[in-house]
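Q: The structure is given below, and queries will be raised subsequently.
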Amino acid sequence: MIVTSKEGCILTDKGLSVWKSFVEVYPKRVEIGKTALTTSKYNYAFLVKNMAHKVKSGIDQRDAAIMGGARRALVIVSKEGRLKIESVSNSIEDEFPEAASEILEKLNPEDNDVIIIAGADNPLMAKRGAFAASWVLIGNDKKT
């Protein structure tokens with residue numbers, strides 16, 4: 001998927017295809033500031049397109065984020081124009097307005113999208129945790 005040379009590395013056609021597929025599923029990946037909802041020193045979010053129907057309790061994704069190096073994780077779904085956390089909040093906008101504002105501004109989710117935010121003590125662990133949780137979510141889709 002990658003060709004290396006003295007000049008550097010480039011993606012092959014197959015590598016480019018894989019990258020395009022990755023960006024379609026994960027169109028936005030951003031840092032999120034510390035708020036009442038995102039309490040870690042470093043928080044990183046993945047927007048996962050059209051996967052809200054795969055989220056049950058969010059525990060599988062949370063566990064994957066922790067195994068990936070995060071200290072905590074949130075699984076937020078966008079349904080009916082609202083951001084929701086299963087069994088916690090039916091409207092993040094009402095209960096955590098500052099956090100919701102940043103999430104909406106940076107990620108701009110649509111209905112049926114999932115936002116996974118992983119928090120950690122360093123930025124790399126936050127990113128790894130968010131990716132691991134996102135991977136588990138889409139991996140579950142591939143099994144059905």
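The values are calculated or read from the model by the stated rules, or taken from the named source; none is laboratory data. Since the model is a prediction, treat every value here as computed from it, not as a measurement. Glycine gets a Cβ as well: all are built from the backbone with ideal geometry, and neighbour counts include every protein chain shown.
Q: Only one of 48, 88 is of a type in the set (A, V, I, L, M) and either free of Cβ contacts under 8 Å to residues at least 24 places away in the same chain or in contact with a His (Cβ under 9 Å, 6 or more places away or on another chain) (or both). Can you tell me which?
A: Unique residue meeting the criteria: 88.
Q: Moving to a separate point now. Can you pull out the residues in region 22-75 that are among the basic types (Lys, Arg) and touching an Asp or Glu at 6+ places or on another chain (Cβ under 7 Å)?
A: 41, 49, 54, 71 - these are the residues of region 22-75 that are among the basic types (Lys, Arg) and touching an Asp or Glu at 6+ places or on another chain (Cβ under 7 Å).
Q: Which residue, of 59, 76, 66, is crowded, with 16+ Cβ neighbours inside 10 Å and either under 13 Å from residue 38 (Cβ atoms) or free of Cβ contacts under 8 Å to residues at least 24 places away in the same chain (or both)?
A: 76
Q: Still on this structure: Can you give me the ranges of the helices (runs of 4 or more DSSP H) entirely in region 63-144 with at least 2 residues that are of a type in the set (Val, Ile, Thr) and at pLDDT 95 or above?
A: none
Q: How many of the residues making up region 97-144 are of a type in the set (Phe, Trp, Tyr) and surrounded by 21 or more Cβ atoms within 10 Å (Cβ to Cβ)?
A: Selection size over region 97-144: 1.
Q: Do you know which residues across region 4-56 are part of a helix (DSSP H, G or I) and hydrophobic (A, V, I, L, M, F, W, C)?
A: Once the filter is applied, which keeps residues that are part of a helix (DSSP H, G or I) and hydrophobic (A, V, I, L, M, F, W, C), region 4-56 yields 16, 18, 19, 22, 23, 25, 52.
Q: Using the structure shown, decide if residue 35 is out of contact with any strand residue (DSSP E or B) (no Cβ under 7 Å at 6 or more places or on another chain), touching a residue at least 12 places away in the same chain (Cβ under 8 Å) and hydroxyl-bearing (Ser, Thr, Tyr).
A: It is true that residue 35 is out of contact with any strand residue (DSSP E or B) (no Cβ under 7 Å at 6 or more places or on another chain), touching a residue at least 12 places away in the same chain (Cβ under 8 Å) and hydroxyl-bearing (Ser, Thr, Tyr).
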